[in-house]
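Take this structure, written in structure tokens, and hold onto it; I'll ask about it next.
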Amino acid sequence: MNFFNLLQSLDELLYEVMSWLVFYPITLWRTLVRPLQMMDYSDSEQGDASDQQYTDTLSPPLFLLLSLIIVHAAEIALVGNDAVVASKVGLSAFVSNNTDLIMLRIVTYSLFPVMMATRMVRAQALQVNRDTLRAPFYSQCYVAAVLAMLLGTSVILIKLAHDWSVLAGGALALFGLLWFGFLQTAWFNQHLKCGRLRAFGHASRAMVESLAAMFVLSSLFS
């Protein structure tokens, strides 16, 4: 790579990173006020050419990653490093810095999209493969990012260890899970064209599987 190619690559990288300052708030606002429509939008974008996808928003996985980074930065500023970083017990020894912790958290919160997407594909009686799983996984990343921000903020409030902050943190976590569960019921109901009770069953099963997988993963690093 010559010098001019390097400059061009840096130019593109700088533009891409700075554009996040514009498109992150847009993506967050749209996901907050119209979550189901954003999930449909993601589905439709999957049919476009790769260089034409998500031109007016952030891609769902990137949105999830940036949301986790923002919450993580707030956690460091308000309560300091997580105990996992300092711990050398068990698998925690592999998490030696904040970058490793962010990677662990994105894997953890990605369990929600992958479990929901898998349940949807199976409920549609389709074969679970890379092609059938991609669209529902991407659409789920939008709302999983909001859930990650809500749960991450609740953890920060609880770690502050004030009476009011512990109560606020618990209430925020409960609200986040209820919001996410209600949204998943509506999502299954919309895509499966089934009754709300059946949609609630699919959503509940995927939620339980996601939370169980998160618990197992977290226990390995605690």
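Considering only residues that are open to solvent by less than 50 Å² (accessible area, probe 1.4 Å), under 21 Å from V114 (Cα atoms) and more than 20 Å from the chain's Cα centre (by Cα), which ones fall in the stretch 195-207? Working first, answer last.
So in the stretch 195-207, the residues open to solvent by less than 50 Å² (accessible area, probe 1.4 Å) come out as 195, 199, 201-204, 206-207.
Now restrict to residues that are under 21 Å from V114 (Cα atoms): 199, 201-204, 206-207.
Once the filter is applied, which keeps residues that are open to solvent by less than 50 Å² (accessible area, probe 1.4 Å), under 21 Å from V114 (Cα atoms) and more than 20 Å from the chain's Cα centre (by Cα), the stretch 195-207 yields A199, G201.
Looking at M207, M149 in this structure, which one is out of contact with any strand residue (DSSP E or B) (no Cβ under 7 Å at 6 or more places or on another chain) and under 20 Å from S67 (Cα atoms)?
Selected residue: M149, the only one of M207, M149 that is out of contact with any strand residue (DSSP E or B) (no Cβ under 7 Å at 6 or more places or on another chain) and under 20 Å from S67 (Cα atoms).
Could you tell me whether the stretch 205-212 includes any residue that is more than 25 Å from T31 (Cα to Cα) and at pLDDT below 95? Can you show your working first?
Of all residues in the stretch 205-212, those more than 25 Å from T31 (Cα to Cα) come to 212.
Next, only the ones that are at pLDDT below 95 stay: 212.
Looking through the stretch 205-212, at least one residue is more than 25 Å from T31 (Cα to Cα) and at pLDDT below 95.
Among V71, V79, which is surrounded by fewer than 16 Cβ atoms within 10 Å (Cβ to Cβ), of a type in the set (A, V, I, L, M), within 30 Å of L220 (Cβ to Cβ) and in contact with a Lys or Arg (Cβ under 9 Å, 6 or more places away or on another chain)?
The match here is V79.
On the given criteria, is L192 touching a residue at least 24 places away in the same chain (Cβ under 8 Å) and either more than 12 Å from M116 (Cα to Cα) or in contact with a Gly (Cβ under 7 Å, 6 or more places away or on another chain) (or both)?
Numbers: touching a residue at least 24 places away in the same chain (Cβ under 8 Å): yes; either more than 12 Å from M116 (Cα to Cα) or in contact with a Gly (Cβ under 7 Å, 6 or more places away or on another chain) (or both): yes.
So L192 passes the test.
Okay, next question. I need the full set of residues from the stretch 8-47 which are at pLDDT 90 or above, small (G, A, S) and open to solvent by less than 60 Å² (accessible area, probe 1.4 Å), in order please.
S19, S42
Quick one: is F188 open to solvent by less than 30 Å² (accessible area, probe 1.4 Å), touching a Cys at 6+ places or on another chain (Cβ under 8 Å) and either in a helix (DSSP H, G or I) or over 18 Å from V71 (Cβ atoms) (or both)?
yes
If you scan the stretch 54-68, which residues turn out to be outside any helix (DSSP H, G or I), open to solvent by less than 50 Å² (accessible area, probe 1.4 Å) and polar (S, T, N, Q)?
Residues satisfying the conditions are T57, S59.
Can you pull out the residues in the stretch 150-185 that are of a type in the set (F, W, Y) and either in contact (Cβ under 8 Å) with a residue 60 or more places away in the chain or open to solvent by 60 Å² or more (accessible area, probe 1.4 Å) (or both)?
From the stretch 150-185, those of a type in the set (F, W, Y) are 164, 175, 179-180, 182; that's our starting set.
Result: W164, F175, F180, F182.
So for the stretch 195-204 (the condition being outside any helix (DSSP H, G or I) and more than 21 Å from I156 (Cβ to Cβ)), does at least one residue qualify?
Yes - at least one qualifying residue is present in the stretch 195-204.
The values are calculated or read from the model by the stated rules, or taken from the named source; none is laboratory data. All values reported here derive from a predicted model rather than from experimental measurement. We place every Cβ from the backbone using ideal geometry, glycine too, and count neighbours over all the protein chains shown. Areas reflect the complete protein model, heavy atoms only, side chains present, ligands, DNA and RNA absent. Shrake-Rupley method; radii C 1.70, N 1.55, O 1.52, S 1.80 Å.
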